[in-house]
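Trainee: My questions all concern the structure below.
The values are calculated or read from the model by the stated rules, or taken from the named source; none is laboratory data. Just so it is clear, the model here is predicted, and its values are computed rather than measured. Note that we place each Cβ from the backbone using ideal geometry, even for glycine, and neighbour counts take in every protein chain shown.
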């Protein structure tokens with residue numbers, strides 16, 4: 001039992017170790033939130049690889065970046081930046097929105 | 001106003017349904033009201049603290065702090081629910097028999113109340129911190145105070161009403177089957193929370209997705225609809241799950257059920273669920 005949990009722990013560490021350097025090499029894309037809108041509203045990213053999204057919330061208020069298509073949800077406090085990793089994505093369109101201001105904060109990611 | 005009511009409703013709903021299940025599962029325990037109320041109060045306090053420190057939490061652990069906090073809270077809740085069910089598989093039948101005999105609730109002594117109070121606290125903490133941030137965000141961007149407060153209260157009342165509705169429904173179950181039913185409910189709730197945790201761990205880059213989308217049943221039952229949301233909270237329904245989420249769900253079911261079975265058998269009778 002103990003040996004198994006130790007080997008599971010080692011396995012988890014290995015998985016983390018393997019994941020980290022791969023992320024560092026990927027390109028980053030920035031989405032700005034300003035006036036409760038995303039800029040750009042449509043962002044094109046490469047399909048088939050992990051993509052780093054930097055979400056720069058320039059509003060004073062917090063926003064929750066949410067996407068059912070991308071299966072991501074992250075709260076971004078006012079005047080801060082947050083990183084969200086997505087993919088590798090099959091080519092296609094992925095809608096995202098700001099849950100706290102869903103009437104204006106809408107956009108989509110296009111993976112090509 | 002309606003917009004803010006709807007968002008507060010969605011956030012409150014999950015916590016309210018979990019509190020209802022906890023109230024059901026602790027039926028017959030003296031002093032449970034105090035424990036559950038304490039859990040709710042602790043959760044509200046924690047929610048405000050988490051909301052205030054949202055910025056530093058988000059920046060922690062190379063920007064993965066928020067995901068890791070969410071996953072940890074969810075997995076801690078899973079552990080507490082598992083502990084409760086395993087305890088009940090040893091003592092639940094005797095409890096139900098006793099309650100049937102005396103015809104009313106009985107003080108059953110050492111039930112794992114602290115575990116379920118923590119489950120309540122975690123649920124209120126997680127959903128509450130988002131609610132606090134949302135309301136603060138609206139207030140900061142110049143929404144009108146009275147309309148905002150009305151909306152928030154409407155959402156809170158509607159969410160709480162559904163929780164009460166679920167609890168009343170649970171009480172309608174005959175006492176002989178009651179703990180079997182709540183046992184299954186707790187088991188499925190735990191599996192669903194584990195699947196949610198898997199989503200956060202994947203977002204933090206700590207576990208692979210295994211498959212980005214196993215299936216898409218959003219046409220059949222959209223997870224954003226009210227029935228879809230209720231099923232998502234109660235049994236972990238997901239209209240477009242990742243592979244890792246199904247794996248966490250199934251492993252949690254098997255592990256908890258297996259332990260319940262073993263503990264129930266060692267007490268000389270089959271497991272209660």
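Trainee: Out of B:71, B:47, B:51, B:77, report the one residue that is within 21 Å of residue B:256 (Cα to Cα), at pLDDT 90 or above and within 13 Å of chain A (Cβ to nearest Cβ). Talk me through it step by step, then tell me what you get.
Mentor: Values: B:47 fails: within 21 Å of residue B:256 (Cα to Cα); B:51 fails: within 21 Å of residue B:256 (Cα to Cα); B:77 fails: within 13 Å of chain A (Cβ to nearest Cβ).
Of B:71, B:47, B:51, B:77, the one residue that is within 21 Å of residue B:256 (Cα to Cα), at pLDDT 90 or above and within 13 Å of chain A (Cβ to nearest Cβ) is B:71.
Trainee: Considering only the stretch B:228-244, I want to know if a residue exists there that is at pLDDT below 95, under 24 Å from residue B:17 (Cβ atoms), part of a loop (DSSP other than H, G, I, E, B) and more than 13 Å from chain A (Cβ to nearest Cβ).
Mentor: No, the stretch B:228-244 contains no residue that is at pLDDT below 95, under 24 Å from residue B:17 (Cβ atoms), part of a loop (DSSP other than H, G, I, E, B) and more than 13 Å from chain A (Cβ to nearest Cβ).
Trainee: Given the conditions (1) crowded, with 22+ Cβ neighbours inside 10 Å; (2) over 18 Å from residue B:76 (Cα atoms); (3) in contact with a helix residue (DSSP H, G or I) (Cβ under 6 Å, 6 or more places away or on another chain), and given that residue B:173 satisfies all but one, which numbered condition is not satisfied?
Mentor: Result: residue B:173 passes all but (1).
Trainee: Just to verify a result, which residue in the stretch A:54-72, among those that are in a strand (DSSP E or B) and closer than 10 Å to residue A:33 by Cβ, is nearest to the other protein chains (Cβ to nearest Cβ)? Explain how you work it out, then say what you get.
Mentor: Initial filter on the stretch A:54-72 (in a strand (DSSP E or B)): A:54-57, A:63-67, A:72.
Then drop every residue that is not closer than 10 Å to residue A:33 by Cβ, which leaves A:55-57, A:63, A:65.
Details: A:55: 11, A:56: 13, A:57: 10, A:63: 7, A:65: 11 Å.
So, considering only residues that are in a strand (DSSP E or B) and closer than 10 Å to residue A:33 by Cβ, the one nearest to the other protein chains (Cβ to nearest Cβ) is A:63.
Here is a yes/no grid of residues against (1) modelled with pLDDT of 85 or more; (2) crowded, with 18+ Cβ neighbours inside 10 Å; (3) within 22 Å of residue A:100 (Cα to Cα); (4) in contact with a strand residue (DSSP E or B) (Cβ under 9 Å, 6 or more places away or on another chain):
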residue: B:101; (1), (2), (3), (4): no, no, no, no
residue: B:104; (1), (2), (3), (4): no, no, no, no
residue: B:116; (1), (2), (3), (4): yes, yes, no, no
residue: B:145; (1), (2), (3), (4): no, no, yes, no
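Trainee: Also: Looking for whichever is free of Cβ contacts under 8 Å to residues at least 60 places away in the same chain and either crowded, with 23+ Cβ neighbours inside 10 Å or part of a helix (DSSP H, G or I) (or both) here; the options are B:75, B:69, B:13. Which one fits? Quick ask: steps written out before the conclusion?
Mentor: Numbers: B:75 fails: free of Cβ contacts under 8 Å to residues at least 60 places away in the same chain; B:13 fails: free of Cβ contacts under 8 Å to residues at least 60 places away in the same chain.
Exactly one of B:75, B:69, B:13 is free of Cβ contacts under 8 Å to residues at least 60 places away in the same chain and either crowded, with 23+ Cβ neighbours inside 10 Å or part of a helix (DSSP H, G or I) (or both), namely B:69.
Trainee: Check the stretch B:183-195 and report whether any residue there is within 14 Å of chain A (Cβ to nearest Cβ), at pLDDT 95 or above and crowded, with 16+ Cβ neighbours inside 10 Å. Even if it seems obvious, please write down each step before you answer.
Mentor: At the first step, the residues of the stretch B:183-195 found to be within 14 Å of chain A (Cβ to nearest Cβ) are B:195.
Retained after the next criterion (residues that are at pLDDT 95 or above): B:195.
Filter again for crowded, with 16+ Cβ neighbours inside 10 Å, leaving B:195.
Yes, the stretch B:183-195 has at least one match.
Trainee: Could you go through the stretch B:246-255 and let me know if any residue there is within 27 Å of residue A:99 (Cα to Cα) and crowded, with 23+ Cβ neighbours inside 10 Å. It would help to see each step written out before you state the result.
Mentor: Initially, the stretch B:246-255 is screened for residues within 27 Å of residue A:99 (Cα to Cα), giving B:246, B:248-249.
From the residues that got through so far, the ones that are crowded, with 23+ Cβ neighbours inside 10 Å too are B:248-249.
Among the residues of the stretch B:246-255, at least one is within 27 Å of residue A:99 (Cα to Cα) and crowded, with 23+ Cβ neighbours inside 10 Å, which makes the answer yes.
Trainee: Can you tell me which condition residue B:174 does not meet? The list is (1) in contact (Cβ under 8 Å) with a residue 40 or more places away in the chain; (2) under 30 Å from residue B:92 (Cα atoms), and all the others hold.
Mentor: In the conditions (1) in contact (Cβ under 8 Å) with a residue 40 or more places away in the chain; (2) under 30 Å from residue B:92 (Cα atoms), residue B:174 misses (1) alone.
Trainee: Residue check: is residue B:27 in a loop (DSSP other than H, G, I, E, B), away from every other protein chain (no Cβ under 14 Å) and modelled with pLDDT of 85 or more?
Mentor: Considered against the rule, which asks whether it is in a loop (DSSP other than H, G, I, E, B), away from every other protein chain (no Cβ under 14 Å) and modelled with pLDDT of 85 or more, residue B:27 comes out as yes.
Trainee: Is it the case that some residue within the stretch B:53-60 is touching a helix residue (DSSP H, G or I) at 6+ places or on another chain (Cβ under 7 Å), free of Cβ contacts under 8 Å to residues at least 12 places away in the same chain and assigned to a helix (DSSP H, G or I)?
Mentor: yes
Trainee: Of the residues A:45, A:51, A:84, which is facing chain B (nearest Cβ under 8 Å), within 14 Å of the chain's Cα centre (by Cα) and modelled with pLDDT of 90 or more?
Mentor: Working: A:45 fails: facing chain B (nearest Cβ under 8 Å); A:51 fails: facing chain B (nearest Cβ under 8 Å).
Testing whether each residue is facing chain B (nearest Cβ under 8 Å), within 14 Å of the chain's Cα centre (by Cα) and modelled with pLDDT of 90 or more leaves just A:84.
Trainee: State yes or no: is residue B:24 crowded, with 17+ Cβ neighbours inside 10 Å and more than 17 Å from the chain's Cα centre (by Cα)?
Mentor: Values: crowded, with 17+ Cβ neighbours inside 10 Å: yes; more than 17 Å from the chain's Cα centre (by Cα): no.
Considered against the rule, which asks whether it is crowded, with 17+ Cβ neighbours inside 10 Å and more than 17 Å from the chain's Cα centre (by Cα), residue B:24 comes out as no.
Trainee: So residue B:224 ticks every box in (1) loosely packed, with under 15 Cβ neighbours inside 10 Å; (2) under 25 Å from residue A:73 (Cβ atoms); (3) over 18 Å from the mean Cα position of the chain (by Cα) but one. Which box is left unticked?
Mentor: (3)
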